[in-house]
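> Got a structure here, written out as structure tokens. Questions coming.
The values are calculated or read from the model by the stated rules, or taken from the named source; none is laboratory data. Quick caveat, the model's predicted, so the values are computed rather than measured. Backbone-built Cβ (ideal geometry, glycine too); neighbour counts: all protein chains shown. The accessibility values were calculated without ligands, DNA or RNA, using every heavy atom of the protein model including side chains. Shrake-Rupley method; radii C 1.70, N 1.55, O 1.52, S 1.80 Å.
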Amino acid sequence: MIKNQTLLSIIFLVFICFSCNKPSTSSSIVFDKLLVNTQQNPSTIESKQPLFSWTVVAEGYNKSQSAYHILVATSKEKLNENDADVWNSDKVKSIKSTFVKYQGKPLKALQHYFWKVKIWDEKGAASNWSAVQEFEMGLMDNKNWGDSKWITLNKDTELLLINLEIIKQAE
């Protein structure tokens, strides 16, 4: 009876040891913030080379990023490794996760873009792709403004009347 209890205890301990040593999976890395030029989903950016940044939440200690992969496309449907029509960085070995400079095709004024990122941890385990983010380009150059002009008063008559009133009171 004691031999059976001892054997059962040893089997139970071995089972517990192996169940606690599960390798980390990609689900242990979760994207927290995704930014373009320090903004989440900016409605207008003027930079010809936007800067991408991301923060993650990872389980455990001493976690770090060893590589990243960024995709930028003109539609959500094209936002995959085969069809990204604007930029596919491929896997870049780098710990950099802030201010990663855009290196794709020239961005067009007033165009809407979609992007996502994937990272690898210090052991080479890949995360899932981030949620899809978006940004829109502004006018970027003076030529895009066309014949537009700033809205102003031709003559600031209200300010002129206030100044005249002040002068009268001073006399």
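> Please list, in order, the residues from the range 102-127 whose amide nitrogen is less than 19 Å from a point placed 7 Å along the Cα→Cβ vector of Gln49.
Taking a point 7 Å out along Cα→Cβ of Gln49, the residues of the range 102-127 whose backbone N falls under 19 Å are 102-109.
> In the full protein assembly as shown, how much of Ile166 is accessible to a 1.4 Å probe, in Å² to the nearest 10?
Using a 1.4 Å probe on the heavy atoms, I get roughly 100 Å².
> Order the following by accessible area, largest value first: Asp32, Asp141. Probe radius 1.4 Å; ligands, DNA and RNA are ignored.
Asp32, Asp141
> Place a label point 7 angstrom from the Cα of Glu81 along the Cα-to-Cβ direction, then list the residues of the range 29-61 whose backbone nitrogen is under 20 Å away.
Label zone hits: 29-31.
> Still on this structure, please answer the following. Sorted by accessible area with a 1.4 angstrom probe, largest first, how do Ile29, Ile167 fall?
Ranked list, largest accessible area first: Ile167, Ile29.
> Per-residue accessible area for Phe31 at 1.4 Å probe radius, Å² rounded to 10?
Surface accessible to solvent at Phe31 totals approximately 40 Å².
> Give me the lysines in straight-line cross-link reach of Lys48: C-alpha distance below 19 Å, same-chain residues under 8 apart excluded.
The reachable lysines, counting only those whose Cα sits under 19 Å from Lys48, are Lys101, Lys105, Lys108, Lys116, Lys143.
> Further question: Please report the net charge: other residues with Cβ closer than 14 Å to the Cβ of Asn41, K and R +1, D and E -1.
+1
> Which residues does the label zone of Gln111 cover in the range 43-57, counting backbone N under 18 Å from a point 7 Å along Cα→Cβ?
43-52
> To the nearest 10 square angstrom, how much accessible area does Lys118 have with a 1.4 angstrom probe?
Near enough 40 Å² of accessible area.
> At a 1.4 Å probe, what is the % contribution of carbon and sulfur to the accessible area of the range 57-154?
Here carbon and sulfur together make up 49 percent of the probe-accessible area.
> Further, regarding this structure: Ordering Asp85, Asp121, Asp147 by accessible area with a probe of 1.4 Å, largest first, what comes out?
Listed by decreasing accessible area, they come as Asp147, Asp85, Asp121.
> Output needed: percent of Cα pairs per 10 Å distance bin for the range 75-143, bins running from 0 to the one holding the longest distance.
Computed distribution, short to long bins: 16, 48, 28, 7, 1.
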